[in-house]
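Structure, as structure tokens:
The values are calculated or read from the model by the stated rules, or taken from the named source; none is laboratory data. The shown structure was predicted, so the numbers you read here are calculated from the model rather than taken from an experiment. So basically every Cβ, Gly included, is an ideal-geometry build from the backbone, and we count neighbours across all protein chains shown.
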Amino acid sequence: MSGLLIRNAKVNGESGTSVLCEGGRIARIALDGSISSFEGNAIEANGGTMVPGFIDTHCHPFEFGWLKRSVDLRGTSNITGVRLRLSAGMQRARPGEWVTGMGWDQEAFPGRGMPTREDIDDLSRTNPVALSRVCGHIALLNSVAIQQLALEGKNGPEYERGADGSLTGIVKEEALAEVYSWIPRSVERSAADIQSVEAEAGRLGLTALHCIVSPEGYREELQALASLHAFGALSLRYRVYVPPEAIPYLKEGISDKLNDDLARINGVKIYADGSLGARTAALREPYSDDPTNSGMLRRKDSELEELVEKVDSIGYQALIHAIGDRAVEQAIGALSKVTGSGNPKRHRIEHASLLPKDLRSKMAKCGIRATVQPLFITSDTWAVDRLGEERANDLYPLASMLEDGIVASGSSDSPVESLSPVLGMWAAMTRGGMNPDECLNLNQALSLYTANAASNGFDDLSGTLEVGHPANLTVLDSDVEGMHPALFRKVGVLATVVEGAAVHSYGES
């Protein structure tokens, strides 16, 4: 026989187990560890736990790849830090070239005030600049960008204005699409971006990514995926979700090129609102730290319902981005009209962040699924300020969602958060002290990134370790059974196996 053998792993609670992978499938599981007739590579697990391959069910790998070659502002704690990194990025830019970046967070700044174009204008009089907040729902533009895009005459809540009536440089939500549509793109650059992310994802134990492609670059991004797939250059599995704008493009043949077990277009991702960090998530009641503001719905109820009906009618899965409770309520209303009995197309709400009991009950009743981001819990240190203590108790209620019967899967929303499922599970189990009643146990946390994640992408067989199932596996470097949740963040990934091939390993022979 030939294939891949993993020796001395803890599998389904049994120590000393060997697993043989052949033809992309799990061919044999030997509880006593004895598999003699074997030719091929072997990995020594040293007693580490083997689990179904981790799946991130909501991430933006093209944006993450783009961030690697732009100005990374994550971790900056003041305007000076933003300016220093932007200045370094300017040194690499040609005259007139767009300079982009992502990752600033005003909540980390002294005074927690939004930056303005005056904070960065002096760094370039020739290069347009666009710097996205860490959430990706608002951006800071310099005056050159505002002039080039002719934004001074624009009106609406998407364009922030100061006391003197002039634009501050902050643009929000749908206005960002107009900004980023001006930035040059190419299939070659998109292909390089996705490949730059694959190595890191594999190292973190990820075997599959639910890839959200962008409204501005979906043509280049889909073509890049199709080209890499055709040449056998993808090492991970992809479940692809396109924006509504891309629906006509799918009929031009790209969906036929991305329609197998390695890379498949699964559905359409739709925005209902924005983010809590940007105060654009749509709330039933105003923000506690901004009583004049209840956030923004991106569409009218009838528009969202019509769009969901269209997605459902052409056979795709609908994913609705909804963070605030008002947006979640709107999303449930739209999805409930097409879920039928048991929601066979597995329509989902992405984030479902502020989810009081009445909305959880409605989701469960309609069989509406969810994708959650546990690391948001530990990152959103300002949550009580935004929502007040009472509402904050309904923020990211992971345990209650599972107990109510909602199929919830885990994700990173990378590059917003780390791609690491281990860190995601750690956050789900510890919650940084926020509402500890909602902490998950180890098996529940694992299910977010394994069984539930596989189910939410129509990959049910990849969610369990059984003979005959796809050999998509993650081997941890520790026996995690009984481990204290606080220690889980230190767990490493010994090997990542996709369709029977090791895409990451430090124990292979």
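Data overview
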{"read-out": "The range 427-481: number of residues that are surrounded by 21 or more Cβ atoms within 10 Å (Cβ to Cβ), in a loop (DSSP other than H, G, I, E, B) and touching a helix residue (DSSP H, G or I) at 6+ places or on another chain (Cβ under 7 Å)", "value": "3"}
{"read-out": "Any hit, the range 364-378, residues being part of a helix (DSSP H, G or I), in contact (Cβ under 8 Å) with a residue 60 or more places away in the chain, in contact with a Lys or Arg (Cβ under 9 Å, 6 or more places away or on another chain) and closer than 28 Å to Asp459 by Cβ", "value": "no"}
{"read-out": "Glu252 being surrounded by 16 or more Cβ atoms within 10 Å (Cβ to Cβ) and of a type outside the set (S, T, N, Q)", "value": "no"}
{"read-out": "Set Gly277, Gly232: member being farther than 17 Å from Arg185 by Cα, without any contact (Cβ under 8 Å) to a residue 40 or more places away in the chain, outside the structural domain of Ala471 (by TED's automatic domain parsing) and part of a loop (DSSP other than H, G, I, E, B)", "value": "Gly232"}
{"read-out": "Residue in the range 317-332 that is surrounded by fewer than 23 Cβ atoms within 10 Å (Cβ to Cβ) and small (Gly, Ala, Ser) present", "value": "no"}
{"read-out": "Residue among Gly65, Gly3 that is outside any strand (DSSP E or B) and out of contact with any Lys or Arg (no Cβ under 8 Å at 6 or more places or on another chain)", "value": "Gly65"}
{"read-out": "Pair list, Cβ < 6 Å and 6+ apart or interchain, from the range 103-125 residues that are more than 15 Å from Asp385 (Cβ to Cβ) to residues that are assigned to a loop (DSSP other than H, G, I, E, B) and among the hydroxyl-bearing types (Ser, Thr, Tyr)", "value": "Trp104/Thr76"}
{"read-out": "Matching option when the condition is at pLDDT 90 or above, more than 25 Å from Gln148 (Cα to Cα) and either among the aliphatic types (A, V, I, L, M) or buried (at least 22 other Cβ atoms within 10 Å of the Cβ) (or both), among Pro110, Pro61", "value": "Pro61"}
{"read-out": "Subset tally (residues that are buried (at least 16 other Cβ atoms within 10 Å of the Cβ) and modelled with pLDDT under 90) for the range 184-204", "value": "1"}
{"read-out": "Test: residue in the range 344-360 that is closer than 30 Å to Ile314 by Cβ, part of a helix (DSSP H, G or I), out of contact with any strand residue (DSSP E or B) (no Cβ under 7 Å at 6 or more places or on another chain) and charged (D, E, K, R)", "value": "yes"}
{"read-out": "Residues that are aliphatic (A, V, I, L, M) and either touching a helix residue (DSSP H, G or I) at 6+ places or on another chain (Cβ under 7 Å) or assigned by TED's automatic domain parsing to the domain that holds Pro470 (or both), drawn from the range 242-274", "value": "Val242, Ala246, Ile254, Leu258, Leu262, Ala263, Ile265, Val268, Ile270, Ala272"}
{"read-out": "Any hit, the range 382-393, residues being crowded, with 22+ Cβ neighbours inside 10 Å, assigned to a helix (DSSP H, G or I) and of a type in the set (Gly, Ala, Ser)", "value": "yes"}
{"read-out": "Residue that is surrounded by fewer than 20 Cβ atoms within 10 Å (Cβ to Cβ) and among the polar types (S, T, N, Q), where the choices are Ser70, Ser15", "value": "Ser15"}
{"read-out": "Selected residue [closer than 13 Å to Thr207 by Cβ, in contact (Cβ under 8 Å) with a residue 12 or more places away in the chain and assigned by TED's automatic domain parsing to the domain that holds Ile29] from Val493, Val480", "value": "Val493"}
